[in-house]
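Read the figures in this text as sums done on the coordinates, not as results from a lab. Since the structure is predicted, the reported quantities are computational estimates derived from the model, not experimental observations. So basically every Cβ, Gly included, is an ideal-geometry build from the backbone, and we count neighbours across all protein chains shown.
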Amino acid sequence: MKPDISEFSYGYAVTHELASKYKLISAPEFPTLYKEGKKGGGYDVKLPFKLFPLFLQFKLSDCLEKTSAKEHRPRHFEVPYFRMHLRPLKHSLQHNLLLELEASGSMVYYIAPAFYKTEEFNHFYLKNSILSNSVLISPHKIGALPDDDDHYVVFKAGAKKGYFCSDNPQEISLYSIDDALGPIKDEFKNTNRMKSAENFFRELSEKMVSVIEQVELKQKKLSNEEAGIDIAGLRALIDQKEPEEACAYISRTIFNSELVIIGR
């Protein structure tokens with residue numbers, strides 16, 4: 001069964017719950033916070049000093065309910081289960097970009113719902129339980145896509161393991177939002193760095209462009225073709241826009257991800 005909800009609606013619900021439960025700052029709020037803070041003499045007073053970026057790629061899930069479903073195996077992977085599709089490399093470099101971004105030390109996850117019906121979505125939204133009924137998947141756990149064909153991850157609601165489905169399905173770990181944010185708590189305790197928010201956003205935007213350049217270079221070596229991303233335009237954006245606005249723009253338009261900032 002195809003999902004009854006839209007990716008936009010799901011992304012909104014995830015971001016709203018993250019902001020309310022974990023006091024996180026999402027990309028759309030960065031420019032507003034900057035302008036408000038500037039009135040008081042600088043937006044560092046509005047944002048925490050210890051900041052950590054979290055990149056989320058919103059996905060929707062198909063629900064497989066018939067025993068004729070491809071991955072159905074009695075006593076192994078029974079229906080119903082969910083299937084989250086990845087963008088094929090022939091259409092997008094998204095997975096490669098997310099892989100490289102995660103390899104650079106950033107927290108990067110696909111996030112997908114373990115539900116697909118509108119009534120379920122409304123119920124979980126009202127109960128503030130969208131996140132507890134979603135799974136997070138590390139691009140690194142999936143690894144490099146083997147070819148340009150369609151690939152996907154299958155999982156069951158509440159499971160800690162799923163399968164990346166290619167020629168030979170491989171078991172992968174699934175995470176909750178608490179699993180993903182857990183290591184950050186230790187970072188807050190251990191780190192002594194005190195960096196201004198402006199420097200934080202500027203360095204993050206430079207890091208994202210560097211990741212894009214690396215993926216472009218690898219793509220050129222593989223196919224002798226440029227990936228078609230306007231690197232010079234992105235660098236001009238960093239120079240001309242406020243750093244937090246540049247970060248939000250690059251995250252959304254190139255990585256197709258929601259950038260959420262975790263701050264103490």
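Tell me the net charge near D147. Cut-off is 14 Å between Cβ atoms, D147 excluded, with +1 for each Lys or Arg and -1 for each Asp or Glu.
-2
With 10 Å bins from zero, work out the P(r) of region 108-180 over every alpha carbon pair and list the percent per bin.
In order of increasing distance, the bins hold 18, 47, 27, 8, 0 percent.
Modelling each spin label as a point 7 Å along the Cα-to-Cβ direction, I'd like the F8/S20 distance in nm, to one decimal.
About 2.1 nm separates the two model spin labels.
What does the extension gain come out to for S176 and E65, with contour length at 0.36 nm per residue minus their alpha carbon separation?
The span from S176 to E65 would gain 37.6 nm if fully extended.
Only residues of region 82-120 count here: report those whose backbone N is under 16 Å from the spot 7 Å along Cα→Cβ of D148, or say none.
Under 16 Å, as judged by backbone N against the label point of D148, lie 87-96 of region 82-120.
Could you tell me the calculated FRET efficiency between K221 and K241, based on Cβ-Cβ distance and R0 = 35 angstrom, to the nearest 0.05?
Using R0 = 35 Å, I get an efficiency of 0.65.
Given a cut-off of 16 Å, what percent of all Cα-Cα pairs of region 90-143 lie beyond it?
Here the long-distance tail beyond 16 Å is 52 percent of all Cα pairs in region 90-143.
Would you mind getting me the FRET efficiency between T253 and S196? Use the beta-carbon distance for r and R0 = 30 Å, nearest 0.05.
That pair, T253 with S196, gives E of 0.75.
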